[in-house]
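Take a look at the structure set out below.
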Amino acid sequence: MRPTRSALLMALASTLLASSLTGCQFASDSAGGDGGEIVIAADLELSGAAATVGKGYQRALELKVEQINESGLLGDRTIRLDVRDNRSDPSESLRNIGDFTGDSAVTAIIMGSCSDCAVGAARTINDKRVPTISLAPATAVATPVTERRYLFKLGPNAADSAAAVANELRRRNIGRASLLHTDDEYGRDGLRVITAELDKLGINLVGTEQVRTTDTDVSQAVATLAQPLTGENPGALLVWTSAEQAALAADSAAQADYPGPLFFDAAAAGDLFLSGGSATGTKGVNLVFTQTMVIDDVIANTPAKAARKQWFRDYTARFGSYYGFSSFAADAVQLIADAVATSTGDGSINREAIREVLETTQFDGLSGPIRMTPDNHSGLMPQALTMLVSRGGRWRLAS
């Protein structure tokens, strides 16, 4: 029996509907701007308490994008940045992420130093399936991986920083320490991992004080740690804050006549050159960070070290000084560009394919060796960290 006209029309309509639904599904995973652009959205702290680090990231992103576009890595495509200020406010950051994840032109997202921002946006990023690299330091940014499938982290890991500090204390036979930390996600992270690492080595944590991330006076907290009620000074003062607050802590320790060494966590890295009160207060202070901060002290005996030296020179030539965390922002752009180049064999840009490439990254970056796996979305390897010391108004290798 020949099908009726109405039956044929119904079949055609069903076919068109199915094709439309399939196309919508594909569209939800694809991305790309007009004219072959790769749009990388950036949610950064350009004002508020963390503006200094946010602006450092912005400079690094712009320089690295310029370099990649000039290199021809992506063929006829170029990268375009879409940068927005989150005002160092998790609520504002979440609004930015909502806009970015709802924009089909956005290929991937880079988030700045605000750990609370990244943790607060994790569900949106996962639900909207947009590959995102956070430069924030807290452990919870990238764990648990089951709830962070699309969220990756570049930067020093709290546990690795704590282990480096604890091992240095043991090497110096220091058996007592106090800790100053911020009251945010990363500060609480620091308290947890420092306590665990010192316990392993039998080092006593004899005092802790916390400060708000917006505090511009930490002298009372430092004085309490430097001269505890017991009357026995700690053998070392550990500082787990931003660079600005760490410099204030060093000045306050000097004013309190604290005689022991100070150790800054990696989050306290800022400008290479220290000026004003920072140069005086931080003299002899120890900092856990990557070699890239002082790569001009290192012999370029490998291609990776040569690349780090070149980045150091390029950044310094452009901006007059070097900002410690710039390498992480540059590596984030490079990882996204490499993932796009690897995953676009048919010419299309697919977010899921980019995510899968990011999840298996093995890369000797500007920051150090970076390794991602399906079980670990925080890529910086522990061996990237070393001990630096403030000497002659700038950071140097400790040995």
(request) Using the Cα centre as the reference, give the magnitude of the dipole from point charges on the C-beta atoms of segment 86-164 (Lys, Arg: +1; Asp, Glu: -1; all else neutral), rounded to the nearest 20 debye. (result) 180 debye
(message) Given Cβ point charges of +1 (Lys, Arg) and -1 (Asp, Glu) and nothing else, what value in debye, to the nearest 20, does the dipole of segment 246-399 about its Cα centre take?
(response) 540 debye
(message) Test of understanding: what is the full-extension gain from Thr146 to Thr373, defined as 0.36 nm times their sequence separation minus their Cα-Cα distance?
(response) 80.5 nm
(request) Could I have the simple spin-label model distance between Ala341 and Ala51, label points 7 Å from Cα toward Cβ, reported in nm to one decimal? (result) 3.7 nm
(request) Could you give the size of the charge dipole of the chain about its Cα centre, using +1 on the Cβ of each K and R and -1 on the Cβ of each D and E, expressed in debye and rounded to the nearest 20? (result) 640 debye
(request) On the protein heavy atoms, probe 1.4 angstrom, tell me the percent of accessible surface of segment 26-127 carried by carbon and sulfur. (result) 43 percent
(request) Take every Cα pair under 8 Å in segment 353-399 that's 6+ residues apart, average their separations, divide by the length, and report that relative contact order as a whole percent. (result) 22 percent
(request) With a 1.4 Å probe and every protein chain left in place, work out the accessible area per residue of segment 160-253 in Å², rounded to a whole number. (result) 44 Å²
(request) Please work out how much length the chain gains when fully extended from Ser104 to Val298, using 0.36 nm per residue of separation minus the C-alpha to C-alpha distance, in nm with one decimal. (result) 65.5 nm
(message) Please report the carbon-and-sulfur percent of the accessible area for segment 189-241; probe 1.4 Å, protein heavy atoms only, DNA, RNA and ligands left out.
(response) 46 percent
(request) May I ask you to order 314-327, 282-295, 202-215 by the average number of other C-beta atoms within 10 Å around their residues, highest value first? (result) 282-295, 314-327, 202-215
(message) Under 8 Å for C-alpha pairs, at least 6 residues apart: give me the relative contact order for the chain, rounded to a whole percent.
(response) 16 percent
(request) State the number of lysine pairs found in the chain whose Cα atoms come within less than 28 Å, restricting to pairs 8 or more positions apart or on distinct chains. (result) 16
(request) Please name which of Ala250, Ala226, Gly187 has its Cα lying farthest along the dipole of segment 123-272 towards the positive end, using unit charges on Cβ (Lys, Arg +1; Asp, Glu -1) and the Cα centre as origin. (result) Gly187
(request) Heavy atoms only, probe 1.4 Å: what % of the accessible area of segment 145-186 goes to carbon and sulfur, would you let me know? (result) 41 percent
(message) Ignoring everything except DSSP H segments at least 4 long, calculate the 222 nm mean residue ellipticity for the chain; use -39,500 (n - 2.57) per segment, divide by total residues, nearest 500.
(response) -14000 deg cm²/dmol
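The values are calculated or read from the model by the stated rules, or taken from the named source; none is laboratory data. Remember, it's a predicted structure, so these values are computed and weren't measured experimentally. Quick reminder, even Gly has a Cβ in these numbers, built from the backbone with ideal geometry, and neighbours come from all protein chains shown. Remember, those area values only see protein heavy atoms, side chains included, never the ligands or the DNA or RNA. Shrake-Rupley method; radii C 1.70, N 1.55, O 1.52, S 1.80 Å.
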